[in-house]
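Have a look at the structure below, then the notes.
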Amino acid sequence: MKTNLYCPYTIELLFDFFNEFNIKTNEKYTQQIKDKVLDTILEMLNNKVIFVSEKNKNGFVIWDEPKEIIVERINNMWSENTNFQDFYNMVWFGYENWYIEALKKEGFEQEKIVWTNFIEKDIGDLQKWIEANKP
């Protein structure tokens, strides 16, 4: 579990995952590189922590498909030569309301805490906490 990605408001676009995996935007995106991100997206979807959407003229439309199909769609849109600016039109991520609200009940205030300290001190095992709190 990549704990820093679970910090609310950390990811919004696909390239927001890159820092966690040392992915460079000026290199080809091999399937091995993509799989690191895609596996994490699938994990976060399975944990019901994030949702995936796309932006159109009416705003954001949440993808209402099986998680595996969502990951496959992202994989298909993301070529090895994707230009950095293309990521802005590809896919958007958001954190589920239940997750943000449950963290707030634990004392999470994004501006005032160090995420890793908050997890260690207040949450403990984040995976267990998610399992106990997710809908």
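The values are calculated or read from the model by the stated rules, or taken from the named source; none is laboratory data. Note that the structure is a prediction, hence the values are computed from the model and not measured. Cβ sites come from the backbone with ideal geometry, for glycine too, and all protein chains shown count toward neighbours. For the accessible areas, the whole protein counts, side chains as well, though only heavy atoms, and no ligand, DNA or RNA atoms are used. Shrake-Rupley method; radii C 1.70, N 1.55, O 1.52, S 1.80 Å.
Numbers at a glance
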| quantity | calculated |
| --- | --- |
| Matching residues, region 93-118, being in a helix (DSSP H, G or I), touching a residue at least 60 places away in the same chain (Cβ under 8 Å) and within 27 Å of residue 63 (Cβ to Cβ) | 99, 100, 103, 110, 115 |
| Unique match (being under 19 Å from residue 5 (Cβ atoms) and modelled with pLDDT under 90) among 131, 96, 120 | 120 |
| Some residue of region 52-69 being charged (D, E, K, R), modelled with pLDDT under 95 and part of a strand (DSSP E or B) | yes |
| Residue 37 being closer than 17 Å to residue 4 by Cβ and touching an Asp or Glu at 6+ places or on another chain (Cβ under 9 Å) | yes |
| Scope region 62-89; condition in contact with a Phe, Trp or Tyr (Cβ under 7 Å, 6 or more places away or on another chain) and buried (at least 16 other Cβ atoms within 10 Å of the Cβ); matching residues | 70, 78, 82, 87 |
| Matching option when the condition is over 23 Å from residue 129 (Cα atoms) and more than 8 Å from the chain's Cα centre (by Cα), among 9, 29 | 29 |
| Residue in region 73-91 that is part of a loop (DSSP other than H, G, I, E, B) and over 22 Å from residue 30 (Cα atoms) present | no |
| Residue count, region 1-23 (criterion: open to solvent by 90 Å² or more (accessible area, probe 1.4 Å) and under 18 Å from residue 80 (Cα atoms)) | 2 |
| Residues satisfying the stated conditions in region 37-61, i.e. open to solvent by 90 Å² or more (accessible area, probe 1.4 Å) and either within 11 Å of the chain's Cα centre (by Cα) or without any contact (Cβ under 8 Å) to a residue 24 or more places away in the chain (or both) | 39, 57, 58 |
